[in-house]
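Novice: Quick one: the structure is below, questions incoming.
Computed from the coordinates by the stated procedures, all read-outs in this text should not be read as laboratory data. Because the structure is a prediction, the values reported are computed rather than measured. Note that we place each Cβ from the backbone using ideal geometry, even for glycine, and neighbour counts take in every protein chain shown.
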Amino acid sequence: MKDEKFLDVGGRKTRFFEAGRGDPLVLIHGGQYGSSSFCSANDWGLNFDALARSFHVFAFDKLGMGFTDNPSDDNEYTIDATIDHAYNCLEQLGIRQSTVIGHSRGALVAACLALQHADLVKSVVVVDSNTLAPDDPSVPMNFYADIQKSAPESPTMESVMSEARANSYSTNHITTEFSEIRYKIATLPKTMEARRKMDATGKSHFYPLLNERRRNTIDSIATGDLRAPTLIVWGLNDPTAPFKLATNLFRIIASKNDRTQLHSFNHAGHYSFREHSDDFNRVISTFLV
């Protein structure tokens, strides 16, 4: 994964990667503004090059994350702004009829793109996402909040990687490159600004709107609006998105969409696509044949 590029998306400098030839494949990472995980397009570093041997692969940093600019207005710290930014990014890159893979909170973005812009999305892959799944008491309530609360004011390599370690069955996928890019993101002034914005307005602004968008999306899926072939991939040992969520989501989608599959990796946590990268890439390629 190399040769980062930038484009202007609605006045926001947006970082992305592009490689390969063939059918378009879009990778959308997880996380949110000011979160404790410091996600970016680099999360796909163990998948990108291998997938690019068979597909035209794109991966971008979501709005306000990685090396993409923050929202210019406090009112744009919303999931809808993230979805709109993703849509505009695909539009500017001229991507049509792509497979969109979304991890964690990125899966909600992927599903919304498929529901709202069928001309852009040919198929959907949902990876370990409690954001897209219905509420369930098995989900730990304070996992991310506790990590963020215990983080020192000035990030350290240990504090930056605490979420990824706690969210993984095995830490073998936590490479030096993965750690260094997350630390670099954590220390960017824009990242610290996003965290201050979320600390100030998250409970009153971001999360209520996120929960509304999530409920509406799940309701739309339950009524059969998600018509694109859909693959759900999950780590059996995911601590923050328990496997029960995968089966619940599968039942909802499959009841209305015959072209729905569920694949689970044993000995895998929230980063199943990294912990079993070779197998994940094979599952994606098989699904898209």
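Novice: Order of 271, 87 from fewest to most other C-beta atoms within 10 Å?
Specialist: Ordered by Cβ neighbours within 10 Å, fewest first: 87, 271.
Novice: How would you order 63-72, 49-58 from highest to lowest mean count of nearby Cβ atoms within 10 Å?
Specialist: Answer by packing, highest mean first, reads 63-72, 49-58.
Novice: May I ask you to compute the full-extension gain from residue 74 to residue 177, defined as 0.36 nm times their residue separation minus their alpha-carbon distance, rounded to one decimal in nm? Numbers along the way, then the final one.
Specialist: On the way: separation 103, 0.36 × 103 = 37.08 nm, distance 3.21 nm.
This chain segment gains 33.9 nm when fully extended.
Novice: Write down the percent of antiparallel bridges among all DSSP beta bridges whose residues are both part of the chain, to the nearest 5.
Specialist: Antiparallel bridges make up about 25 percent of those DSSP assigns within the chain.
Novice: Within the set of other residues whose C-beta is less than 10 Å from the C-beta of residue 42, count the net charge using Lys and Arg as +1 and Asp and Glu as -1.
Specialist: -2
Novice: Please report the orientation-averaged projected area of the chain, defined via the convex hull of its C-alpha atoms, in nm². Intermediate values should be presented prior to the final figure.
Specialist: Numbers: hull surface 52.5 nm².
If you wrap the Cα atoms of the chain in a convex hull and average its projections, you get 13.1 nm².
Novice: Rank-order 32-42, 91-101 by packing density, defined as the average count of other C-beta atoms within 10 Å over each peptide's residues, highest first.
Specialist: In descending order of packing, they fall as 32-42, 91-101.
Novice: How big, in percent, is the set of alpha carbon pairs in the range 1-142 lying more than 17 Å apart?
Specialist: Tail of P(r) above 17 Å: 58 percent of Cα pairs.
Novice: Which value in deg cm²/dmol, rounded to the nearest 500, describes the helix-derived mean residue ellipticity at 222 nm for the chain, given -39,500 (n - 2.57) per DSSP H run of n ≥ 4 and division by the residue count?
Specialist: About -11500 deg cm²/dmol.
Novice: If you don't mind, there's one more thing I want to ask. How high is the relative contact order of the range 5-287, in percent, counting Cα pairs under 8 Å that sit 6 or more residues apart?
Specialist: 21 percent
Novice: Apply the Debye scattering formula to the range 138-186, with a single equal point scatterer on each alpha-carbon and no solvent, then give log10 I(q)/I(0) at q = 0.14, 0.31 Å⁻¹.
Specialist: For the range 138-186 at q = 0.14, 0.31 Å⁻¹, log10 I(q)/I(0) is -0.37, -1.22.
Novice: Using only the C-alpha atoms of the range 60-172, find the volume of their convex hull and express it per residue in Å³.
Specialist: Enclosed volume per residue, from the Cα hull, is 155 Å³.
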